[in-house]
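The values are calculated or read from the model by the stated rules, or taken from the named source; none is laboratory data. All figures in this text were calculated on a predicted structure; none of them were measured in a lab. FYI the Cβ positions are ideal-geometry reconstructions off the backbone, even for glycines, and counts take in every protein chain you see. Quick note on the areas: whole protein, heavy atoms, side chains included, nothing else; ligands and nucleic acids left out. Shrake-Rupley method; radii C 1.70, N 1.55, O 1.52, S 1.80 Å.
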Amino acid sequence: METLVTFLRLVLLSMVPFVLASQGTMLGGRTGIFNVAQEGIMLLGASLGFLVSYQVGNNFVGMLAAMAAGALFGLLLAYFTTTLKMNQFVIGLSLFFIGVGLSTLLPKLVIGITLSPPLIPTLPEVSIPVLSQIPLLGPILFRQNGLVYFSIFLSLVLWYFLYRTQRGLELRAVGENPMAADSLGINTVRARYWTAIAGGALIGLAGAYLPMVYTGTFTEAMTRGRGWLAIALTFFGGWSPLTILTGSLFFAGVEVLAFRAQVIGLAVPYQYLLMVPYLATILIMILTFRKARVPAFLGQNYDREKRNL
């Protein structure tokens, strides 16, 4: 039983970067902006979040810095694709490479090359009174760091906003038929801008989570493809916040299983175990891709003057 509790705790701990990055991807996609720079934004968020936390001595400030960097990349994506009408995929890949480059450059400029990497305190466990004492469920659900609670709360809020409010309906309309939304007086440009910025901020926070929870320091390529997996997870989740939350638990479970297999010394080369999350992703996409419900205008730029759909 103790082993099961430990496993489930690790699954909740590991789902956070998937949830945050995928919800950020979903937000932009709901207005037609398809962000493919997740991996670069996450790495930059991890690097900048760590550096600011290390210099200031406050993880919260580091998280804000990571979110600001992600928001800036979201702003650039919105500007080049919504205002300048440039190809979304090309701009996204460009931002990806910029993010990856900056993530390796900044630590060398700020800290330099050291024999042992500097460390920051990891996020503390936040136990919810009374609830954390519930047998079995208490240690799993109510003894986690603050970002675990935030990611679950965020998913619930986004679902309510998108499917139970007028603003959410208008936002979804922009991603389905921007011409119709425009004719109804909905500001499609503003919708695209704010969702791209908010989505980028969440992706940056997803990156900052890694050094602040897993390692206490930044290492190159520490995202290990989680940004790319977030894109697949968003498709798998049908661009719906609650389904994305559920899918994140599955993706995190596969990741934890692969990690635990290495820890117990399973007689399998660790390179194969590292492949497990990606193999699972391919299998899931094969089984669910045709059924995936995506915004009709995803990845396309709307020109109000030409009115081309």
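Structure values in brief
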| item | result |
| --- | --- |
| Answer from F7, F34 - the residue that is in contact (Cβ under 8 Å) with a residue 12 or more places away in the chain and over 17 Å from the mean Cα position of the chain (by Cα) | F7 |
| Residue in segment 218-225 that is among the hydroxyl-bearing types (S, T, Y) and in contact (Cβ under 8 Å) with a residue 12 or more places away in the chain present | yes |
| Some residue of segment 199-213 being in contact with a strand residue (DSSP E or B) (Cβ under 7 Å, 6 or more places away or on another chain) and not charged (D, E, K, R) | yes |
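Residue by residue, here is whether (1) outside any loop (DSSP other than H, G, I, E, B); (2) within 18 Å of A221 (Cα to Cα) holds:
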| site | (1), (2) |
| --- | --- |
| S14 | yes, yes |
| V36 | no, yes |
| G40 | yes, yes |
| L43 | yes, yes |
| G49 | yes, yes |
| S53 | yes, no |
| M63 | yes, no |
| K85 | no, no |
| I98 | yes, yes |
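Residue-by-condition table, conditions (1) closer than 30 Å to V126 by Cβ; (2) open to solvent by less than 70 Å² (accessible area, probe 1.4 Å):
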{"position": "F150", "(1), (2)": "yes, no"}
{"position": "F153", "(1), (2)": "yes, no"}
{"position": "W159", "(1), (2)": "yes, no"}
{"position": "G168", "(1), (2)": "yes, yes"}
{"position": "P178", "(1), (2)": "no, yes"}
{"position": "G200", "(1), (2)": "yes, yes"}
{"position": "G207", "(1), (2)": "yes, yes"}
{"position": "V213", "(1), (2)": "yes, yes"}
{"position": "R224", "(1), (2)": "yes, no"}
